[in-house]
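Peer 1: Please see the structure below; I have some questions.
None of the figures in this text is laboratory data; all of them are computed from the coordinates on show. Everything numeric in this text was worked out from a predicted model, so none of it was measured. Here the Cβ positions follow ideal geometry from the backbone for every residue, glycine too, while neighbour counts run over all protein chains shown.
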């Protein structure tokens, strides 16, 4: 997308805020890649002017259309009789577990055999398990791996064995992309950049607020990308961004980190950015217990049910629904296109839905878990 179109789209998004509010709800928004996206104009300082309406980022319709091309392939016919291997870095966390579960339903329903292996957060096992899939001569290999550089060697080995590789949720390093047929999932960095810009617009770019970050696994690429996108947005304001705390997949640990921050920084904390709803809910519990719910604004992503309810209850400002079943469905489409046509788009970007107080009633109870 040309820069001019992106700038126009951003300006249009701002002008549509009031129209969306007047209609009583915000439509779901899709995120497409925007490496060259121009920053929106900084909001006025919070003390000098009221923040903009709390509308979630609007979609660039043209980019969204390009990011998710329509497909007329027959998925069942293309996958029937095939054996599909799936190796994941971790199926224990709710969101990544949902990708595994969805693939485990969709692939057999298409008449194919599904084999899956879980590395349980051990990046070395990702390579080991992928090699097992290659040795078993699967017809296609899906990888949800945390180390893009290590995965570059894996995908090269698979390609040399004649096995098409598809990346789930996370891309491979640039050196390995020539060996991958498609990468399916959201633009993780852009998603968190958009959340950061939303925070600046809502609270004032020059407000000088202190931000706590609750993250997941420090060496996994999805969290690295999320933190990078958020940091990029924060650099457009004058906020104090504290170093991330890493709770891995533990809500209990996330709560403990937040308790430590409250004890150390007290009511000087203004914003909490959680990089996964499950962890963010742990932070919210600590904030509630400290009686600081009216002081600290919390933002998150994943779109799980208790986080959506927290938005409705005024405990969470925003969550971004990143549905695992959409990734699983699009992986099946990408594989079907490859088996049918011998080609497919490299990036299949999946839809993101921004949920705030304006549209939350549409989504209560509609998360994946």
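Peer 1: So how do 277-289, 202-214 stack up, highest first, on mean other-Cβ count within 10 Å?
Peer 2: Packing proxy ranking, top to bottom: 277-289, 202-214.
Peer 1: To continue, here is another question. Which of the peptides 158-170, 116-128 is most tightly packed, and how do the rest follow, judged by the mean count of other Cβ atoms within 10 Å per residue?
Peer 2: Highest mean packing first, the order is 158-170, 116-128.
Peer 1: For the stretch 162-226 and the stretch 238-296, what is the separation of their C-alpha centers, rounded to whole Å?
Peer 2: 20
Peer 1: In what order do 174, 351 fall by count of nearby beta-carbon atoms within 10 Å, going from fewest to most?
Peer 2: Placing the least packed residue first, the sequence is 174, 351.
Peer 1: Also, I was wondering about something else. Would you mind getting the Kirkwood hydrodynamic radius of the stretch 237-318 from its Cα pairs, rounded to one decimal in Å?
Peer 2: 12.6
Peer 1: What share of Cα pairs, in percent, lie more than 21 angstrom apart in the stretch 183-281?
Peer 2: I get 32 percent for the Cα pairs in the stretch 183-281 exceeding 21 Å.
Peer 1: Which whole-number percent of Cα pairs in the stretch 129-170 have a distance greater than 15 Å?
Peer 2: That tail contains 29 percent of the Cα-Cα pairs.
Peer 1: Can you tell me how the stretch 190-233 classifies by the Cα gyration tensor, rounded, prolate or oblate, using a/c under 1.5 as the rounded cut?
Peer 2: Here the stretch 190-233 falls in the prolate category.
Peer 1: Output the peptides 144-150, 247-253 sorted from most to least packed, where packing is the average of other Cβ atoms within 10 Å over each peptide's residues.
Peer 2: Packing proxy ranking, top to bottom: 144-150, 247-253.
Peer 1: Test of understanding: express the Cα radius of gyration of the stretch 127-198 as a ratio to 2.2 N^0.38 Å, with N the residue count.
Peer 2: 1.21
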